[in-house]
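The values are calculated or read from the model by the stated rules, or taken from the named source; none is laboratory data. None of the values given here were measured: they were computed from a predicted structure. Cβ sites come from the backbone with ideal geometry, for glycine too, and all protein chains shown count toward neighbours.
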Amino acid sequence: MPVAHYAGRAVPVDADGFLTDSSQWTPDIAEAIAAEAGIAPLTSEHWTVLFPGSPGPLAARVAGLPWPRGRQ
């Protein structure tokens, strides 16, 4: 299983970079994932789920959730 390093922690991720265990999520990890995606720092607008492009998958990834069902 792949591992990503966010906020000084090693966290398990799937092949697409999504956390495989949402209990590992922290706001600091969300900030690190957002930085990797080029949308950091997260503002109050981001925290209300205003993400560019296709928001569902990116919001899920930053939130530490698995890829939304029905992905293509």
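So here's what we get for this one:
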read-out: Scan of region 1-25 for residues that are surrounded by fewer than 15 Cβ atoms within 10 Å (Cβ to Cβ) and either closer than 15 Å to Ala63 by Cβ or touching a residue at least 60 places away in the same chain (Cβ under 8 Å) (or both), ordered by number; value: Ala7, Asp14, Asp16, Gly17, Thr20, Asp21, Ser22, Ser23
read-out: Unmet criterion (only one of (1) at pLDDT below 90; (2) touching a Pro at 6+ places or on another chain (Cβ under 8 Å); (3) surrounded by 12 or more Cβ atoms within 10 Å (Cβ to Cβ)) for Ala34; value: (1)
read-out: Unmet requirement for Trp25, which otherwise passes all of (1) modelled with pLDDT under 90; (2) touching a Leu at 6+ places or on another chain (Cβ under 9 Å); (3) among the aromatic types (Phe, Trp, Tyr); value: (1)
